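Everything on this sheet refers to the single structure shown next.
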Amino acid sequence: MNRLKPFQGAAAGWLGVVPYGAFLAIFLIVPVISNIWTTFVSQGRFSLDAMSRLLKPQYLDAFLTTINLSLVTAVLGGVGGLALAWALNAAEKPRWLRNFVLSYSAVASQLGGVPLAFAFIAALGVQGVVTRGFLDVTGWDLSQTFPLASFAGLAIVYLYFQVPLMAILMLPALGSLKQHWSEAAASLGASRWHYVRDVVFPVLWPPILGALLLLFANAFSAYATAYALAGGGVNLVPIMIGFFISGNVMMDEGFAAALVTGMIFIIVVTMTLRALLERRANKWLR
Amino acid sequence: MAALTHSIQRRGRQVMVTVIFSVALALFFTPLIAAAVFGFTLPGEGVSFESISLALRSTSFLPQLLMTLQLAVLSTVGSLLLLVPTLLWLHLKAPRLLPFAEWLSVIPYVVPAIALVSGASLFFRATFPGFLVSPYSLVPFYMVLSLPLVYRSLDAGIRALDIKTLVAAGNSLGATAIQILLTVILPNLRPALLGASLLSVAMVLGEYALAALLLHSTFPVFLLEMGNNQPRAAAALSFIVIIATWLLLLSLSTAGTQRTRVTGGSCRTHLPVVSSTTPPKGDR
């Protein structure tokens, strides 16, 4: 007698997913579909009008700026994160130091939003502690050179979570480079450069590219951090969508929906590429 | 000779490691220390709790903090009530459906909070206009936003358990399904439940976009308003929030290490709070 098996067969399995599926349908899938519907259906007929308006200079500029910011912080964050991951992987002596850096990297990779923005304003804002200190010592006003409410300012703040996120993402891949591979290469007469070019690079490029894509999507979808720092000061897609929803700018519903559809489209493409790369990366990991 | 160059190389590498760690720690902690210094001092007065105590006396502080705490509890309980039974059912009855359920769980990855709020207001304003008026309407959306994290950590916990054997053992001893669930499965799942809850709470405590754009007064919304006219108080509160998040996530990694001790499985000494499979929690 098996009391946990009141039903048998495929129907029983589907029955168990009903609450979960229904929940996701109502609160995720239907809202996304109604957004796409509003984008492409206007007055009962299919229309590309809203999407085509995305190409107007002002809106195209928002997409280009957001893509630019995401690219810059993904690449710089990628380089910094790789260095940090390498150090975490190569660190030998004080074990506690490595663990401390690792644990704070893990937390920093998850920070963001309003508190991080205000911490940076306290450091690099016009009245910020670091700004004042620098001004007193060197006479150079950092808040003039890198105003936080600008592209450069946002990039600096985004790097605060992009760098540790890259490090955390790359750690397992770096760990999978076996010590004996480099020894084997050396015993076959390969130089350090040959080893990096012919062994390390072919193994590591898929996970590196995959992690960069995640960083890109991460920066692309950030809203709270950018809004708290710059308000409308930098022309970003998420900020523009926010202004529409809160009623601060006049746009018709179809067009706002088109902005969201465009944003989801870019992130879906990014994450699909990442999933494909991940399949490739898994060949060498573990 | 080879041994000598090897040891020089190794020393050089450790110097590089120290340099990178120092730079990283300096950059990590500069904004934190700046927030503390800026928030807990007044120009010309030195250390002062004046600005933060003013903020805490604001009439909206307590209600908005309590609202966020309520939302955190409700979303976390909601996620566990929805996902634990679903996952147990799938693992026991329909493992074939697990990949599909997992695929569903990562959809929020590609729907940023700002896109979710746009879709939600489109759909619910057209169908149930009253729904989004209550601040508690945020709960299901917070459950959606934290789904990729919560699903993964619960699923990993269940996979580590071999529940089929546990259920068969319970059955053979004559236990009912409820007894098996309450006395065998849930106690064994405690570390996974705890980990999932911490991730969900950390997400809700920081979420700004949905709350602000659906016009609900939560703690992050309070914090942002504070920043507009009392930057020192906002810095002090931000410092406290970041430290609290750190402690919350740190206790998560302790929960993780406890699990390995209990099951006596692979004895990894340190589990990072997030791993390469963990996505960012999606509240930026």
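The values are calculated or read from the model by the stated rules, or taken from the named source; none is laboratory data. The structure displayed is predicted, hence computed values, not measured ones. Neighbour counts run over all protein chains shown; Cβ positions are idealised from the backbone, glycine included. The area values use the complete protein model at the heavy-atom level, side chains included, leaving out ligands, DNA and RNA. Shrake-Rupley method; radii C 1.70, N 1.55, O 1.52, S 1.80 Å.
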Which number in (1) away from every other protein chain (no Cβ under 11 Å); (2) touching a residue at least 60 places away in the same chain (Cβ under 8 Å) marks the one condition that A:LEU60 misses?
-> (2)
For the stretch B:24-52, the count of residues that are touching a helix residue (DSSP H, G or I) at 6+ places or on another chain (Cβ under 9 Å) and either modelled with pLDDT of 90 or more or farther than 20 Å from A:ALA123 by Cβ (or both) equals 18
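Looking at the structure I just gave you, is A:ALA211 touching a residue at least 40 places away in the same chain (Cβ under 8 Å) and open to solvent by less than 50 Å² (accessible area, probe 1.4 Å)?
Judged against the criteria, A:ALA211 is a match.
Regarding the stretch A:164-181, can at least one residue be identified that is free of Cβ contacts under 8 Å to residues at least 12 places away in the same chain and either in contact with a helix residue (DSSP H, G or I) (Cβ under 8 Å, 6 or more places away or on another chain) or on the phi > 0 side of the Ramachandran plot (or both)?
Residues of the stretch A:164-181 that are free of Cβ contacts under 8 Å to residues at least 12 places away in the same chain, as a first pass: A:178-180.
From what is left, the residues that are either in contact with a helix residue (DSSP H, G or I) (Cβ under 8 Å, 6 or more places away or on another chain) or on the phi > 0 side of the Ramachandran plot (or both) are none.
No, because not a single residue in the stretch A:164-181 is free of Cβ contacts under 8 Å to residues at least 12 places away in the same chain and either in contact with a helix residue (DSSP H, G or I) (Cβ under 8 Å, 6 or more places away or on another chain) or on the phi > 0 side of the Ramachandran plot (or both).
Somewhere in the stretch B:48-68, is a residue of a type outside the set (D, E, K, R) and in contact with a strand residue (DSSP E or B) (Cβ under 6 Å, 6 or more places away or on another chain)?
Kept after step one, since they are of a type outside the set (D, E, K, R), are these residues of the stretch B:48-68: B:48-49, B:51-56, B:58-68.
Imposing the further condition that a residue be in contact with a strand residue (DSSP E or B) (Cβ under 6 Å, 6 or more places away or on another chain) reduces the set to B:48.
Taking every residue of the stretch B:48-68 in turn, at least one turns out to be of a type outside the set (D, E, K, R) and in contact with a strand residue (DSSP E or B) (Cβ under 6 Å, 6 or more places away or on another chain).
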A:ALA122 versus (1) under 22 Å from B:LEU25 (Cα atoms); (2) touching a residue at least 24 places away in the same chain (Cβ under 8 Å): which is the lone unmet condition?
-> (2)
Where a residue in the stretch B:16-32 is in contact (Cβ under 8 Å) with a residue 40 or more places away in the chain and part of a helix (DSSP H, G or I) and its partner, wherever it lies, is open to solvent by 20 Å² or more (accessible area, probe 1.4 Å) and among the hydrophobic types (A, V, I, L, M, F, W, C), with Cβ under 7 Å and at least six apart = B:LEU32/B:PHE239
Cβ-Cβ under 7 Å pairs, at least 6 apart or on other chains, the stretch B:163-189 side among the β-branched types (Val, Ile, Thr), far side open to solvent by 50 Å² or more (accessible area, probe 1.4 Å) = B:THR176/A:ARG3
State whether one or more residues within the stretch B:115-126 are within 15 Å of B:VAL84 (Cβ to Cβ) and among the hydrophobic types (A, V, I, L, M, F, W, C).
-> no
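Please verify whether the stretch A:30-43 includes one or more residues that are assigned to a loop (DSSP other than H, G, I, E, B), farther than 17 Å from A:TYR158 by Cα, outside the structural domain of A:GLN162 (by TED's automatic domain parsing) and open to solvent by 20 Å² or more (accessible area, probe 1.4 Å). Spell out how you get there, then give the answer.
Quick first cut of the stretch A:30-43, residues assigned to a loop (DSSP other than H, G, I, E, B) only: A:43.
Subset that is farther than 17 Å from A:TYR158 by Cα: A:43.
Subset that is outside the structural domain of A:GLN162 (by TED's automatic domain parsing): A:43.
Applying the additional criterion that residues be open to solvent by 20 Å² or more (accessible area, probe 1.4 Å) yields A:43.
Yes, there is a match, as at least one residue in the stretch A:30-43 is assigned to a loop (DSSP other than H, G, I, E, B), farther than 17 Å from A:TYR158 by Cα, outside the structural domain of A:GLN162 (by TED's automatic domain parsing) and open to solvent by 20 Å² or more (accessible area, probe 1.4 Å).
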Return yes when A:ILE241 is under 21 Å from B:PHE123 (Cα atoms) and open to solvent by 10 Å² or more (accessible area, probe 1.4 Å) and no when it is not.
-> no
Members of the stretch B:69-101 found to be in contact with a Lys or Arg (Cβ under 8 Å, 6 or more places away or on another chain) and open to solvent by less than 30 Å² (accessible area, probe 1.4 Å), listed by number = B:HIS91
Which of the residues that make up the stretch A:137-170 are small (Gly, Ala, Ser), within 13 Å of chain B (Cβ to nearest Cβ) and open to solvent by 50 Å² or more (accessible area, probe 1.4 Å)?
-> A:ALA149
Among (1) within 8 Å of chain A (Cβ to nearest Cβ); (2) in contact (Cβ under 8 Å) with a residue 40 or more places away in the chain; (3) out of contact with any Lys or Arg (no Cβ under 8 Å at 6 or more places or on another chain), the one test that B:TYR136 misses = (1)
The stretch A:211-286: helices (runs of 4 or more DSSP H) wholly inside it with 2 or more residues that are polar (S, T, N, Q) are A:253-281
Restrict the check to the stretch B:124-132 and report whether at least one residue is within 8 Å of another protein chain (Cβ to nearest Cβ), open to solvent by less than 40 Å² (accessible area, probe 1.4 Å) and either more than 22 Å from A:LEU259 (Cα to Cα) or within 21 Å of the chain's Cα centre (by Cα) (or both).
-> no
Filter the stretch A:171-183 for residues that are more than 30 Å from A:ALA117 (Cβ to Cβ) and at pLDDT 85 or above; the one that is nearest to the other protein chains (Cβ to nearest Cβ) is A:PRO172
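Per-residue answers, yes or no, for (1) among the hydrophobic types (A, V, I, L, M, F, W, C); (2) within 25 Å of B:SER200 (Cβ to Cβ):
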residue: B:THR127; (1), (2): no, no
residue: B:SER137; (1), (2): no, yes
residue: B:TYR142; (1), (2): no, yes
residue: B:LEU145; (1), (2): yes, yes
residue: B:ALA156; (1), (2): yes, yes
residue: B:ARG159; (1), (2): no, yes
residue: B:ASN171; (1), (2): no, no
residue: B:THR176; (1), (2): no, no
Pull up the stretch A:76-124, narrow it to residues that are β-branched (Val, Ile, Thr) and open to solvent by less than 10 Å² (accessible area, probe 1.4 Å), then point me to the one that is nearest to B:GLN230 (Cα to Cα).
-> A:VAL114
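Residues to consider are A:LEU236, A:LEU188; find the one that is of a type outside the set (Val, Ile, Thr), at pLDDT 85 or above, assigned by TED's automatic domain parsing to the domain that holds A:ILE121 and more than 26 Å from A:LEU55 (Cα to Cα). I'd like the intermediate steps shown before the answer.
Details: A:LEU236 fails: more than 26 Å from A:LEU55 (Cα to Cα).
So the residue among A:LEU236, A:LEU188 that is of a type outside the set (Val, Ile, Thr), at pLDDT 85 or above, assigned by TED's automatic domain parsing to the domain that holds A:ILE121 and more than 26 Å from A:LEU55 (Cα to Cα) is A:LEU188.
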For the stretch A:240-267, name all the residues that are of a type in the set (A, V, I, L, M) and in contact (Cβ under 8 Å) with a residue 24 or more places away in the chain.
-> A:MET240, A:ALA257, A:ALA258, A:LEU259, A:VAL260, A:MET263, A:ILE264, A:ILE266, A:ILE267
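Got at least one residue in the stretch B:232-240 being in contact with a Pro (Cβ under 6 Å, 6 or more places away or on another chain), modelled with pLDDT under 90, open to solvent by less than 10 Å² (accessible area, probe 1.4 Å) and part of a helix (DSSP H, G or I)?
no
Residues checked against (1) in a loop (DSSP other than H, G, I, E, B); (2) small (Gly, Ala, Ser); (3) in contact with a Pro (Cβ under 9 Å, 6 or more places away or on another chain):
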residue: A:LEU60; (1), (2), (3): no, no, no
residue: A:ALA83; (1), (2), (3): no, yes, no
residue: A:LYS93; (1), (2), (3): yes, no, no
residue: A:ALA117; (1), (2), (3): no, yes, no
residue: A:GLN127; (1), (2), (3): yes, no, yes
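Out of A:LEU97, A:LEU88, A:LEU71, A:LEU84, I need the residue that is more than 30 Å from B:PHE131 (Cα to Cα), touching a residue at least 12 places away in the same chain (Cβ under 8 Å), facing chain B (nearest Cβ under 7 Å) and not small (Gly, Ala, Ser). Which one? Can you show your working first?
Working: A:LEU97 fails: touching a residue at least 12 places away in the same chain (Cβ under 8 Å); A:LEU88 fails: facing chain B (nearest Cβ under 7 Å); A:LEU71 fails: facing chain B (nearest Cβ under 7 Å).
It is A:LEU84.
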